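Undergrad: My questions all concern the structure below.
Read-outs: derived from the displayed coordinates by stated rules, not from any lab. Keep in mind it's a predicted model, so treat the numbers as computed, not measured. Counting neighbours? That spans all protein chains shown, and the Cβs are built from the backbone with ideal geometry, glycine included.
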Amino acid sequence: MAATAVLSGVQSRHDDVFTSVFPQADYTTPTPESTPNIGVLASPGQPFGGFSLPHNAVEDAVRFNRAWSTATRHLSLPISGDIWQKGPKFRPEVHEAFILLCSPIESRKQLEAWYANEMGVHFRHCVLPELGEWQQPVPLSAALSLFQKTVILLQKSFTQYFSGLTALIISANTTEVRAMLIAFEAQAKQNFHVLVLNSLPQQRLQKTIAYVMLLLMKTSLSHNNNPEICSKQAECRCSVKSDFLPLDQLQAVGLGGNLGERAFALAVHKLLARVVVHRQCFQVRYDTSESVIPKLRRWITERVAPFIEQSLGILTTNLSFKLTDNDRNGFAQTAVSNLGWLRTASLFDYVLHWPETTGAILDIKEYISSNAAEKSRVCSVFMNIMDRRLLHAGPQTTEILSMYTNVIHSFRLLDTKGVMLEKVAGPIRSYLRTRDDTVSIIAASFLADDEKGDVINVDPAKVCPAITVEVSKSSLEDARDHKMLDWSDMHWQPDPIDAGPGYKASKSEDVVAYILGLFDPEEFIKEVTTVLAQHLLQANDPEYVKETRLIELFKSRLDATKLQAAEVMLKDVRDSVSLNKRINPRAKFVTDEPPKPREIQAAIPDEGITTQSLYKMFEHRMQHAQFLATLKLVATRRNDLYFPKRTRLPLEPTQPAEADEARGIDNRVQVLSGFFWPQMRSNDFVLPPHFAEMDSSFGHRFSALGNQRKLHFRRALARVTVELELEDRHVREVDVPAWRASVIDAFATMERPYQDANVEYDPEQGLTAEQLMEALSMEEELVMDALAFWTGKRVLYQKAPATFAVLERLDMDTGMAPQRTTGQREVIFAVMSQDAMLRESAPMFETFIKGMLRDGGPKEVGGFMGVTNMLKMVLPSFTYGEEEVRWLLGEMEGRGEVVRNGEVWAVTR
């Protein structure tokens, strides 16, 4: 209670101080109807005077008091009982009272002030208690109902406050009286509007009205639109009608004017920022790859601008209100900016799915074309998303490279000057250089097969199809001028002010140039040479058209002097084709002859295949009618699929012994220049006897041609075609490595004499990996690879742990599930990888390192006189970097041969 008393005292003193400066007006309640002066009879029809009484101050005061009592009694508002009762009945003397009071300016202002106080008292006692919800934050769910309740209550009070005045104005008998009453009413309405605005929290009221207007605008759009038709046309016919907004009511009850204009502006801004840009009419055009921004601008100018003009005319009571051209452009630019920001937020996804999202890229281009400052913001947003979603350990390198090509295309379309591309491509290039497999993937992608824009039969983790497609479209010579300045260029323009230092060099580069520029040319050429060697060994085209074009492309983009090894390798394989034709004229190099029925049968998978898919494998070797006739012999049709027949096919026509002999030497040999080719696999193992005879026969014929070169047959590089006759099927595998052929040949039922041991396959016992390694003198790596391959092809199966046998029939109960391990094992290539070559040459390198540290003293890994640089100067075959040298030193340290002291390495004593 004490605290309450103190607070009351403080508030009382505060009120006293405020009153002393701004005294409150003392308004009385309406007085009863005055009686005539004592001793004076009121004349008929003269309520404010007698019979021709002389004019004096007393009579004026009496007349004024009577007029005041009559006017205030007519305007008085009840605050108890029936607070919404209608005003008193109209009487003739009321007109005279208002004429008397409103003629002098002083008395009219007094009456206006009194009525403003009367409205205030009634509003505080009768209206505000019903609007107490405005004193708390308004939930969005209750905004519309509270708004409607407020408007209805204010309309009701407005009607009560001004019904009496309206009746007076209507019944006025002269224009002068009517004008006088209208002026009084206008001032009273103004006071009412001020009363409403000062009684409610304006900020909360404005936001609520704006939200309600936005809801009503959305409702109007939903009633006046057809998005399906608009999305197919170049023009949007959806419209917003002002009839859906209670603008007249707001203006009447005092919620119009500046407050209504601000609320309306806020609603229009949200309409353009949220509703319009998400409408179906302005979604990304995936079908035509066109920008929707011109369509949006026309819609704002032709549909939204008239609605804004009409609405503001009602709120400002200026029905002839018109927007200027700058205002219309401003609204259109607001919508374009909001749409541009919406597209920018999803720019990463649009670039990822390029070129289907060309329309979205064009939308962003339109957005930034009118404001160059937005370019840096778009780049910043894109790079932030890219760091979060792309440049980390999760995505594969092929995915990053594919995204990199899309970035080049998209940002060149977005900014033809290349400034934006220069900004966003830098982080991708820097990150790609940190990945170990980037160079090998790029090299493999350059050599992948591209068939009509589709990259087929590739490992998605080792080949980037986007790069392959770009290489196929790239010209041997870049058609654009790479000069820094062309004096004959009549369309020259200065560099953009936001261009970086590398702008001129990157302005004329295409996608291939960007890819080639990721790494040092020498490092890239070295990797490409390794991949090209592997590719040439497996190529089937005797003309080597694709490989020739690729080398010419490299020569036009890179240093041609560094590509000597690639040119020699291409010359070797070409010369080998002509050499084989001279030495072995009956050899078959290209399978242009019609396929045999067994070959077609072997190509049909167990799960079935369609006619069209199967014919694509043989369409270059036989006619369609001939193919269908052969297909009926080897396959059974079920619905739309063909399945292989399990019956034995008729034997092929017998061939004479000469043909058998010719078939035995049906081989193709490639003579390679060992100095120019990368280091290749040199595994040696036992081949079937007729393979050795073929090698010896070719060597004699090669020497007879007068060649001075010595031949060294690398059996690990040989590839053969294997045909297997099983009880219920015929299996044919093309381009099988020779070690796989040797392993499956060991499972033949006839006895096979080998070098130091005899291996005889017994279907009941099977063969183990150890037996095969001993009989074939083959490394465990190759034996396990061959067993995994034939097990995956369901030719072999595990009869027991580590014991394999032939699966003669597919319906055999093997007792163990087939081991499909081919996809889980690393592919063994003929050309050795850099790591494999390093491991193989490690003893030689370690010997040089040990002698170097012993003779030259301790050294660091890097530096001009470091271990790495000295190895490169002494050994031309050493093409590795500091990381590989550290690995060699680490191996030597593990054996106790060297010791490390900080960054310096020395030989142990």
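Undergrad: May I ask for the net charge around residue 319, where only other residues with Cβ less than 12 Å from the Cβ of residue 319 are counted and Lys, Arg are +1 while Asp, Glu are -1?
TA: That sum, taken over residues with Cβ under 12 Å, equals -1.
Undergrad: Students often get this wrong, so check it: of 189/270; 562/710; 571/793; 462/850; 462/546, which have C-alpha atoms separated by over 30 Å? If you can, show how the numbers build up before the last one.
TA: Details: 189/270 32 Å; 562/710 27 Å; 571/793 36 Å; 462/850 37 Å; 462/546 19 Å.
Those over the limit are 189/270; 571/793; 462/850.
Undergrad: Can you give me the long-range amide H partners of residue 636? Hydrogens built in the peptide plane at 1.01 Å from N, cutoff under 5 Å, separation of 5 or more residues or another chain.
TA: Distant-sequence amide H within range of residue 636: 643, 645.
Undergrad: What share of Cα pairs, in percent, lie more than 23 angstrom apart in the stretch 104-240?
TA: 54
Undergrad: Right, something else. Can you put 114, 905 in order of Cβ neighbours within 10 angstrom, beginning with the fewest?
TA: Sorted ascending by nearby Cβ count, the order is 114, 905.
Undergrad: Once the Cβ-Cβ distance between residue 103 and residue 322 is put in as r, and R0 is 56 Å, what FRET efficiency do you end up with, to the nearest 0.05?
TA: The calculated FRET efficiency here is 0.85.
Undergrad: OK, next. Starting from one equal scatterer on each C-alpha and no solvent at all, send me the Debye-based log10 I(q)/I(0) for the stretch 834-907 at q = 0.14, 0.15 Å⁻¹, two decimals.
TA: Per q value, in the given order, log10 I(q)/I(0) is -0.36, -0.42.
Undergrad: With θ set to phi - 60°, apply the Karplus curve 6.51 cos²θ - 1.76 cosθ + 1.60 along the stretch 790-799 and write out the HN-Hα couplings as whole Hz, x wherever there is a Gly or Pro.
TA: After applying 6.51 cos²θ - 1.76 cosθ + 1.60, I find 6, 5, x, 7, 6, 9, 10, 8, 7, 6 Hz.
Undergrad: Determine ³J(HN,Hα), in whole Hz, for all residues of the stretch 895-900 in sequence, where each value follows from phi through the Karplus function 6.51 cos²θ - 1.76 cosθ + 1.60 and θ = phi - 60°; x replaces Gly and Pro.
TA: 8, x, 8, 10, 9, 10
Undergrad: Along the Cα→Cβ direction, 7 angstrom out, place labels at residue 886 and residue 794. What is the inter-label distance in nm?
TA: 5.0
Undergrad: So, one more: Per-residue counts of other Cβ atoms within 10 Å, averaged by peptide: what ranking do you get for 105-112, 210-217, highest first?
TA: Final packing ranking: 210-217, 105-112.
Undergrad: Here's a follow-up. Roughly speaking, what is the stretch gain from residue 376 to residue 670, that is 0.36 nm per residue apart minus the C-alpha to C-alpha distance, in nm to one decimal?
TA: The residue 376-residue 670 span can extend by a further 100.2 nm.
Undergrad: Fewest first, what order do 421, 352 take by the number of other Cβ atoms within 10 Å?
TA: Ranked by crowding around the Cβ, least crowded first: 352, 421.
Undergrad: Tell me the Kirkwood radius of the stretch 519-646: reciprocal of the mean inverse pair distance over distinct alpha-carbon atoms, in Å.
TA: 17.9
Undergrad: Apply 1/(1 + (r/R0)^6) to the Cβ-Cβ distance of residue 387 and residue 461, taking R0 = 22 Å, and write down the FRET efficiency to the nearest 0.05.
TA: Efficiency, from the Cβ-Cβ distance: 0.45.
Undergrad: What is the ratio of the Cα radius of gyration of the stretch 520-583 to 2.2 N^0.38 Å, with N the residue count, to two decimals?
TA: Compactness ratio reported: 1.15.
Undergrad: Please work out how much length the chain gains when fully extended from residue 695 to residue 901, using 0.36 nm per residue of separation minus the C-alpha to C-alpha distance, in nm with one decimal.
TA: Gain in length upon complete extension: 68.7 nm.
Undergrad: Taking the Cα atoms of the stretch 211-277 alone, what are Rg (to one decimal) and Dmax (as a whole number) in Å?
TA: Here Rg and the maximum Cα pair distance are 13.6, 44 Å.
Undergrad: Summing Lys, Arg as +1 and Asp, Glu as -1, what charge do residues with Cβ under 10 Å from the Cβ of residue 214 carry, residue 214 excluded?
TA: Taking every Cβ under 10 Å from that of residue 214, the sum is +3.
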